[in-house]
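Data first, discussion second: the structure below is written as structure tokens.
Just so you know, all these numbers are worked out from the coordinates, no wet-lab data involved. All figures in this text were calculated on a predicted structure; none of them were measured in a lab. Here the Cβ positions follow ideal geometry from the backbone for every residue, glycine too, while neighbour counts run over all protein chains shown.
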Amino acid sequence: MAASVAVAAARAGDPLTPHRIDSTQNDRVKAWRKLHGRRERDRQGLCLIEGVRELSRAHGAGLQFNDVLVSDEAGPTEQELAEAIAGDGAQQFALGGAALNKVSVRSNSAQIIGVAKTPAFLLQDLSLPDTPLVLIADSIEKPGNLGAMIRSADGAGVNAVIAANPISDLANPSAIRASQGALFAFPVAQGSPMAIKEWLTARGVRIVAAAADATTELWEYDFTAPTAIVIGSEHAGLSPEWRSVRRLAIPMAGMSDSLNASVAAAVMMYEAQRQRERA
């Protein structure tokens, strides 16, 4: 009954009523589905954002949305958020369960999905304080690791995260989810290792890198000066541009010789902030 009323109202030209889509073969559903792939995200400059928390943070950060998709089972919170996003110019759609699941990246799809313009993530848009602490995520392959690093950086009070040659793009839906939407509300940029290195050096920021074979442990290093911490790829390690910087080891007591990249980043960042708070 509710669906037929919505369709009738939409046909009558009610601008407050979402357009109704039930078929998984609908052209719009197919187009949104293509945004699962990086090539299509890059081509269109669009990304998918799922979930109330992630969408709320993206919307609060001023991201521009093209579309907002709401499930039949959406509650008042999702409905209010969809209306707020639509009020800023996005087109609103009411999707049946099968259609929404087709668009969703998650195994259990959220009840609301946004289609937004991907931010540029430019280095020159970053503004650092006098004594910054920056995380550099170097050639990270797994989007979950990349998103988790941004989430941890936000929690640790780091000033910015810079992705150097990200193998997994920042707009990957899994990176967005792992960051809990902090990706859009926190200072994030990307660039080549050389460009990032020159940008930081020009601002007087020292660069250190986590490395399992380093002879200096992170507890011995002074993080109270302007510092950027590089965490390399779990598969390939540090890119050549970072191998000449000061290297720090996280001591390992067991048989494993290293930590997951996002965990290593969190350990380094929190040690840096511990030193800064004590100082």
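Between the stretch 126-196 and the stretch 78-117, what's the alpha-carbon centroid distance in Å?
Using only Cα atoms, the two centres lie 25 Å from each other.
Give me, ordered by chain and number, the residues 5 or more places off Val230 or on other chains with an amide H under 5 Å from its own placed amide H.
Ile136, Val208, Ala209, Ala210
What area, in nm² and to one decimal, does the C-alpha convex hull of the chain cast on average over all directions?
Working: hull surface 66.1 nm².
Its Cα hull, projected and averaged over all orientations, spans 16.5 nm².
If you wrap a convex hull around the Cα atoms of the stretch 2-117, how much volume per residue is inside, in Å³?
Values: hull volume 11.7 nm³, N = 116.
About 101 Å³ per residue, rounded to a whole number.
Using a 10 angstrom cutoff on alpha carbons, build the Gaussian network for the chain and name the most mobile of Pro193, Pro166, Pro76.
Taking springs between Cα atoms under 10 Å, the residue moving most is Pro76.
Using 7 Å Cα-to-Cβ label points, what is the His19/Asn260 separation (nm, one decimal)?
4.0 nm
Stokes-Einstein at 37 °C, 0.692 mPa s, Kirkwood radius from Cα pairs: D for the stretch 16-75 in µm² s⁻¹? Write out the running numbers ahead of the final one.
Working: Rh = 13.2 Å.
Approximately 249 µm²/s, per Stokes-Einstein.
So for the stretch 123-278, considering every pair of alpha-carbon atoms, how many percent are separated by more than 24 Å? Mind dumping the intermediate values first?
Working: 2929 of 12090 pairs.
Summing the P(r) of the stretch 123-278 above 24 Å gives 24 percent of all pairs.
Tell me, what ³J(HN,Hα) does each residue in the stretch 199-216 have, in order and in whole Hz, if you take phi through Karplus 6.51 cos²θ - 1.76 cosθ + 1.60 with θ = phi - 60° and put x for Gly and Pro?
5, 6, 4, 5, 9, x, 9, 6, 10, 10, 9, 6, 8, 5, 9, 5, 9, 9
What percentages make up the Cα-Cα pair-distance distribution of the stretch 52-139 when the bins are 5 Å wide from 0?
3, 13, 21, 19, 14, 9, 8, 8, 3, 1, 0
Give, as a single signed number, the net charge of other residues whose beta carbon lies under 14 Å from the beta carbon of Ser107, with Lys and Arg counted +1 and Asp and Glu -1. Present the calculation step by step, with values, prior to reporting the outcome.
Numbers: positive: Lys102, Arg106, Arg177; negative: Glu50.
Counting the neighbours of Ser107, the net charge comes to +2.
For the chain, what does the helix formula give at 222 nm: sum of -39500 (n - 2.57) over DSSP H segments with n ≥ 4, over the residue count, nearest 500 deg cm²/dmol?
Working: 11 runs with 105 residues, N = 279.
Helix contribution divided over all residues of the chain: -11000 deg cm²/dmol.
Suppose every K and R has +1 on its Cβ and every D and E has -1 on its Cβ; what is the size of the dipole of the stretch 119-225 about the Cα centre, in Debye to the nearest 20? Walk me through the numbers on the way to the answer.
Numbers: 6 positive and 11 negative charges, 61 e Å.
Roughly 300 debye, rounded to the nearest 20.
For a quick check, take a GNM of the chain with Cα springs below 10 Å and name the residue from Trp32, Trp242, Trp219 with the largest mean-square fluctuation.
Highest fluctuation of the listed residues: Trp219.
Would you kindly derive the ³J(HN,Hα) couplings of the stretch 19-34 from the backbone phi angles with the Karplus curve 6.51 cos²θ - 1.76 cosθ + 1.60 (θ = phi - 60°), listing them in order in whole Hz, with x for Gly and Pro?
For the stretch 19-34, the Karplus curve yields 6, 9, 9, 10, 7, 6, 9, 4, 4, 5, 4, 5, 5, 5, 4, 4 Hz.
Given a 10 angstrom Cα cut-off, can you work out which residue in Ser258, Ser139, Ser233 is the most mobile in a GNM of the chain?
Residue with maximal mean-square fluctuation among Ser258, Ser139, Ser233: Ser258.
Out of the stretch 92-136, which trypsin sites (Lys or Arg not before Pro) are coil in DSSP terms and have no more than 14 other C-beta atoms within 10 Å? Let's see the in-between values first.
Values: sites: Lys102, Arg106, Lys117; in loops: Arg106.
Sparse-neighbourhood loop trypsin sites (Lys or Arg not before Pro): Arg106.
Please list, in chain and number order, the residues 5+ apart from Gly96 or on another chain whose amide H is under 5 Å from its amide H, with Hs placed from the backbone.
Distant-sequence amide H within range of Gly96: Ile21, Asp22.
Among the listed pairs Lys34/Lys102; Lys34/Lys117; Lys117/Lys197, give every one whose C-alpha distance is greater than 19 Å.
On the way: Lys34/Lys102 10 Å; Lys34/Lys117 15 Å; Lys117/Lys197 28 Å.
Check vs 19 Å cut-off fails for Lys117/Lys197.
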